[in-house]
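Taking it in order: structure first as structure tokens, then the write-up.
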Amino acid sequence: MKVLVIHNSYKVFGGEDVSTLAEVALLKENKVEVDTYYVSNKEIRGTNNVMVALNAIWSSRQYRKVLEKIKTGKYDIVHIQNFFPLLSPSILYAVAHSNAKVVMSVRNYRLICPNAMMYVNGAICNRCVGKPVPFPALVHTCYRNSFAASAAVVAMLSLHNFLNTWQNKIDAFICVSNFVRDQLIAGGLDESKLLVKYNFVSSSVPVNLEVGQYYIYSGRLSDEKGIDVLLQAFRGSKRMLLIAGEGPLKEIVEKEATENPHIRYVGKCSLLENYQFISKAKALIFPSKWHEPFGRTIVEAFAHGTPVIASALGGVTELVTPGLNGLLFDPYQNGSLIACLDAFDRLEESSAMRRCCYQTYLKLFAPETNFKDLMEIYQGLINKGPL
């Protein structure tokens with residue numbers, strides 16, 4: 001089996017990028033022949049947002065490059081991780097010139113929501129879901145707070161909805177959670193093509209079954225991640241909180257850490273450092289205010305035996321089982337996280353809960369399980385033969 005993995009990486013390296021590279025490494029470790037074609041949003045520097053968005057409708061340049069790639073590669077599977085904005089859906093038409101089966105990973109809501117998050121102006125939003133022309137995005141300037149840029153993304157989705165690109169040019173979609181799958185069904189995609197495979201995590205840091213020393217938040221410091229909910233819950237508290245990560249709310253976090261001796265901000269860490277911090281924590285707090293498609297950090301916690309206190313939104317509810325490997329709370333209800341922390345303290349966190357976290361990881365999110373599931377998807381498509 002020969003696989004081509006195509007990915008448009010982000011300016012700020014994030015979970016989707018980590019998951020893509022991990023999946024490629026997993027295939028190679030298991031002796032699958034893998035080729036890659038990557039572009040990066042770092043190429044966008046100095047480029048007008050509107051021009052980038054217009055290119056996202058159809059990139060003739062990337063069409064030609066991918067066409068050249070697939071003509072010489074003779075691939076069995078072409079696995080597209082992310083096409084937006086530099087690659088554009090034009091690459092799907094290039095790949096159609098081969099006999100390869102086409103798989104697309106769905107790690108955000110781009111196919112049904114112009115800003116890919118279903119979160120606008122501090123609130124969850126599904127106004128565009130199911131609309132062939134997602135015009136509400138124009139009213140709310142959902143993409144980069146720009147009417148022109150939003151219009152270009154709306155045009156991209158509208159055109160390819162009209163052309164039926166997603167249905168005709170993709171053989172299967174790999175959704176990172178059942179929640180994502182349900183949203184795509186609501187958005188009008190073919191249910192029979194929507195498969196679910198969770199992301200996986202591997203770590204060289206050993207699992208820790210000892211009671212943790214502090215609570216931890218690890219991730220992007222931004223509004224949708226619920227940083228305000230997190231900080232509010234620890235104001236006036238004697239609970240220890242360690243915060244790792246960077247983002248637009250960095251200064252607010254730094255100020256809070258300066259004023260509160262129980263909060264420690266360590267900034268951006270290496271993956272190894274991050275895993276070491278997570279393994280020693282009482283629990284990881286995941287206070288997102290949007291429908292996270294998956295929640296990679298949650299699985300990173302489970303891989304190290306660390307329970308998770310998380311928002312009861314999106315794909316997160318498929319990962320955290322209250323009382324077994326963590327607790328869930330409502331980020332939009334005042335005091336909900338504080339009540340959850342109180343409840344967690346009363347549980348007197350033990351090695352039993354930490355063992356349950358690690359068992360969850362081994363059962364659902366370990367590399368071996370993921371490789372088996374991915375190969376079943378690939379082989380199942382190949383066995384179907386031409387339509």
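The values are calculated or read from the model by the stated rules, or taken from the named source; none is laboratory data. The structure presented is a predicted model; accordingly, all values stated were derived computationally and were not measured. Note that each Cβ is placed from the backbone with ideal geometry, even for glycine, and that neighbours are counted across all protein chains shown.
Whether a residue is under 20 Å from N82 (Cα atoms), under 15 Å from the mean Cα position of the chain (by Cα), assigned to a helix (DSSP H, G or I) and hydrophobic (A, V, I, L, M, F, W, C) was assessed, and F179 passes this test.
Looking only at the range 22-38, residues that are loosely packed, with under 15 Cβ neighbours inside 10 Å, within 22 Å of the chain's Cα centre (by Cα) and among the acidic types (D, E) come to 0 in all. Here I216 fulfils each of the conditions (1) surrounded by 22 or more Cβ atoms within 10 Å (Cβ to Cβ); (2) out of contact with any Leu (no Cβ under 8 Å at 6 or more places or on another chain); (3) modelled with pLDDT of 95 or more apart from (2).
Going by the conditions given, is T317 of a type in the set (V, I, T) and not in a helix (DSSP H, G or I)? Step through it out loud before you land on a result.
Values: of a type in the set (V, I, T): yes; not in a helix (DSSP H, G or I): no.
Here the answer is no, as T317 does not meet what is asked.
When the range 218-248 is filtered for residues that are in a helix (DSSP H, G or I), aliphatic (A, V, I, L, M) and without any contact (Cβ under 8 Å) to a residue 40 or more places away in the chain, only L231 remains. With respect to the stated conditions, P248 is out of contact with any Phe, Trp or Tyr (no Cβ under 8 Å at 6 or more places or on another chain) and at pLDDT 95 or above.
When the residues of the range 109-141 are narrowed to those that are surrounded by fewer than 22 Cβ atoms within 10 Å (Cβ to Cβ) and among the small types (G, A, S), which ends up nearest to the chain's Cα centre (by Cα)? Among those that are surrounded by fewer than 22 Cβ atoms within 10 Å (Cβ to Cβ) and among the small types (G, A, S), it is A116.
Quick one: in the range 361-387, of everything that is among the aliphatic types (A, V, I, L, M) and not in a helix (DSSP H, G or I), which residue is modelled with the highest pLDDT? Checked the range 361-387; the qualifying residue modelled with the highest pLDDT is A366.
Criterion first (surrounded by 18 or more Cβ atoms within 10 Å (Cβ to Cβ), more than 26 Å from P261 (Cβ to Cβ) and more than 16 Å from the chain's Cα centre (by Cα)) does V201 satisfy it?
Working: surrounded by 18 or more Cβ atoms within 10 Å (Cβ to Cβ): yes; more than 26 Å from P261 (Cβ to Cβ): yes; more than 16 Å from the chain's Cα centre (by Cα): no.
No: the conditions fail for V201.
Considering only the range 246-271, state which residues are closer than 22 Å to S336 by Cβ and touching a strand residue (DSSP E or B) at 6+ places or on another chain (Cβ under 9 Å). V253, E256, N260, H262, I263 - these are the residues of the range 246-271 that are closer than 22 Å to S336 by Cβ and touching a strand residue (DSSP E or B) at 6+ places or on another chain (Cβ under 9 Å). In the range 108-134, how many are in contact with a Cys (Cβ under 8 Å, 6 or more places away or on another chain) and either more than 28 Å from A172 (Cβ to Cβ) or not assigned by TED's automatic domain parsing to the domain that holds G187 (or both)? Within the range 108-134, residues that are in contact with a Cys (Cβ under 8 Å, 6 or more places away or on another chain) and either more than 28 Å from A172 (Cβ to Cβ) or not assigned by TED's automatic domain parsing to the domain that holds G187 (or both) number 1.
Here the range 142-171 is the region considered, the condition is being modelled with pLDDT of 95 or more and either outside any helix (DSSP H, G or I) or touching a Lys or Arg at 6+ places or on another chain (Cβ under 7 Å) (or both), and the residue that is surrounded by the most Cβ atoms within 10 Å (Cβ to Cβ) is I170. Taking (1) more than 23 Å from E23 (Cβ to Cβ); (2) among the β-branched types (V, I, T); (3) touching a Pro at 6+ places or on another chain (Cβ under 7 Å); (4) modelled with pLDDT of 95 or more in turn, V180 satisfies each apart from (1). Every test in (1) part of a helix (DSSP H, G or I); (2) closer than 24 Å to I80 by Cβ is passed by L138 save one, and that test is (2). When M104 is tested against (1) out of contact with any Asp or Glu (no Cβ under 8 Å at 6 or more places or on another chain); (2) in a loop (DSSP other than H, G, I, E, B), exactly one condition is not met: (2).
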